[in-house]
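Please read the structure below before turning to the comments.
Coordinate-derived values only; no laboratory data. Quick caveat, the model's predicted, so the values are computed rather than measured. Heads up, the Cβs are rebuilt from the backbone with ideal geometry, glycines too, and the neighbour counts pull from every protein chain shown.
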């Protein structure tokens, strides 16, 4: 007997799965931001070893497909006899991937601050950490907000890949619902719309923040 | 004893030796102009004195303390010697008042009220007390440079290094900055300034140092240097200015 599915049934199931997309996005972004901050400070710090390691890390994660990173996190650890559940592999790979990109975005922002700002702070007796804390980071932060929010969209879309290792989020739910309903166009159309509904506010707020932070006299 | 003793200082950038053995003694209260063509090493020398560039050879003593490259001695040095830059380098995210307060509070751990009082006094000294709450971008270049001077003074240095502080100003704004420097000189501040303002050097400085190709080519009182230059290089330089 053939089951009948209404569009509402489809949408309801997709929305339930979208919760996991949102959760995975949040975990990846927050975790990625924390790890990214660490990589950033190694990358721009004074220690040569740290700089080389951080640069290597960024190159590695930017230079390989996210899909391979997911496979390696999922199957790779299995080789050592560690059974990795799909959610853990997904979160780990996405956190490390996000960290690499955020560290690189933020490095650009720190380096955009003119050399003279460091020198003026130094000439007033501030040490490296004080220069960073009071002069460089507050300025870098302002220019970092728009690209960081912009990149969070990539994270949301990146979570779709985790369907391949079996994590049931929006995309995986889409293919499961398609298999049950045989309505691929409706289902994937709705899936795409939900992704859009998640990303569009991010894109808009990125644009708004960019305008706001670039406006003159915006410190008040 | 000289306040700043620069002895046989050498500085190389790669194969390019920018300072080839500089000797200058600066006495307390002296106002010295360093002049010379661009590329003669005068800005580099000033940056070395404040530890923004490390030196390859020789020694720099400020008030008897050696300039060493570690952060603690650099900090101690910079508390004694302030620096004013060609590009002002005010902190754009902070108000004028905060610019002058920041390093007092962060470096010297001065309580906020005290730092603010000092900031107001120093801004008053450069004629900008009314701009306390303005942001740097709202000020003219001349005003920004005066704030930079107030910011350096708030740390109560015993000497100030001025690196072409009027060079990026529109001509009509140069005078207000020089007037502030003139007052500092009159108050007995030790000043070491790289400058292209020959008239100012003539009027205000006790001594003029002419640098040429990484060496002190001639030095002496302004009337002597400008009136009777001994070397053809200085004669040519003075003739052009």
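Spin-label model, residue A:77/residue B:187: points 7 Å from Cα along the beta carbon direction are separated by 6.3 nm. With a Förster radius of 35 Å applied to the C-beta separation of residue A:133 and residue A:59, the computed FRET efficiency comes to 0.80. Treating r as the C-beta distance of residue A:183 and residue A:157 and R0 as 30 Å, the FRET efficiency rounds to 0.85. Axis of helix A:48-62 versus longest Cα principal axis of chain A: the two differ by about 30°, to the nearest ten degrees. The Rg/Rh ratio for the protein assembly as shown is 1.15, where Rg is the radius of gyration of the alpha carbons and Rh is the Kirkwood radius.
Each of residue A:175 and residue A:51 was given a label point 7 Å from its Cα along the Cα-to-Cβ line. The distance between the two points is 4.4 nm.
Based on a Kirkwood Rh over C-alpha pairs, give the Stokes-Einstein translational diffusion coefficient of segment B:61-105 at 25 °C and viscosity 0.890 mPa s in µm²/s. Roughly 198 µm²/s, to the nearest whole number. Neighbouring Cβ atoms from other chains, within 10 Å of the Cβ of residues in A:113-122, number 6 on average.
Mean per-residue shielding of peptide B:149-156 is 1, counting Cβ atoms of other chains within 10 Å of each Cβ. The alpha-carbon atoms of segment B:98-147 define a convex hull whose volume equals 70 cubic angstrom per residue. Per-peptide packing, taken as the mean over residues of other Cβ atoms within 10 Å, places A:60-66, B:49-55 in the sequence B:49-55, A:60-66 from highest down.
For peptide A:143-153, compute the average count of partner chain beta-carbon atoms within 10 Å of each residue's beta-carbon.
Mean partner shielding for this stretch: 0.
If I fit a long axis through the Cα atoms of helix A:170-181 and take the longest principal axis of the Cα atoms of chain A, what angle between them do I get, 0 to 90°, rounded to 10? It is inclined by approximately 10 degrees.
Each 10 Å bin, from zero up to the one with the longest distance, holds this percent of the alpha carbon pairs of chain A: 8, 26, 29, 20, 11, 4, 1, 0, 0.
Extending 7 Å from the Cα toward the beta-carbon at both residue B:54 and residue B:10 defines two label points whose distance is 1.6 nm.
Seen against the Cα atoms of chain A and their longest principal axis, helix A:86-111 is set at about 30 degrees. Semi-axes of the equivalent ellipsoid for segment A:3-51, computed as √(5λ) from the eigenvalues of its C-alpha gyration tensor and ordered from largest down, come to 44, 7, 5 Å.
Estimated from the Cβ-Cβ distance and a Förster radius of 60 angstrom, the FRET efficiency linking residue B:167 and residue A:12 is about 0.30.
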